[in-house]
1. Please find, within region 1-60, the residue that is surrounded by the fewest Cβ atoms within 10 Å (Cβ to Cβ) out of those that are touching a helix residue (DSSP H, G or I) at 6+ places or on another chain (Cβ under 7 Å) and without any contact (Cβ under 8 Å) to a residue 40 or more places away in the chain.
2. Wholly within region 42-123, which strands (runs of 3 or more DSSP E) include no fewer than the required count, namely at least 1 residues that are within 15 Å of the chain's Cα centre (by Cα) and at pLDDT below 90?
3. Do we have residue 72 as surrounded by fewer than 21 Cβ atoms within 10 Å (Cβ to Cβ) and touching a strand residue (DSSP E or B) at 6+ places or on another chain (Cβ under 6 Å) here?
4. If residue 69 meets every condition in (1) in contact (Cβ under 8 Å) with a residue 60 or more places away in the chain; (2) touching a helix residue (DSSP H, G or I) at 6+ places or on another chain (Cβ under 8 Å) apart from one, which number is that one?
């Protein structure tokens, strides 16, 4: 399932890149269907890729949780951070962000990108647990 795949993604990133990467998820979190799991996994992959390519991060945390009927996927790093408005103005170079937004919309979710509390970047995808918007 998604939990195992994200755990494997974190382990592979930790081993293959010069970065500490880990995954956190309570046992009780489940994902509605394979399509949702696939889109969430690809969003996590893209967020990690961006953190490595642009963020100069040496720590990346992947977390999957459930809150008030929503699934929340967080990918946070301790890199240099960025201003999402600058990326939007840059045009086609922001393709990864557009792809993440598109994938989220396909499962009734949204992606928010912000500065992480500890510095760096937080990519958060929130989706209604059942996969559809109300």
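1. If we take residues in region 1-60 being touching a helix residue (DSSP H, G or I) at 6+ places or on another chain (Cβ under 7 Å) and without any contact (Cβ under 8 Å) to a residue 40 or more places away in the chain, then 1 is surrounded by the fewest Cβ atoms within 10 Å (Cβ to Cβ).
2. 109-115
3. Numbers: surrounded by fewer than 21 Cβ atoms within 10 Å (Cβ to Cβ): yes; touching a strand residue (DSSP E or B) at 6+ places or on another chain (Cβ under 6 Å): yes.
When the stated conditions are applied, residue 72 passes them.
4. (2)
The values are calculated or read from the model by the stated rules, or taken from the named source; none is laboratory data. The structure presented is a predicted model; accordingly, all values stated were derived computationally and were not measured. As a convention, Cβ positions derive from the backbone with ideal geometry for all residues, glycine included, and neighbour counts pool all protein chains shown.
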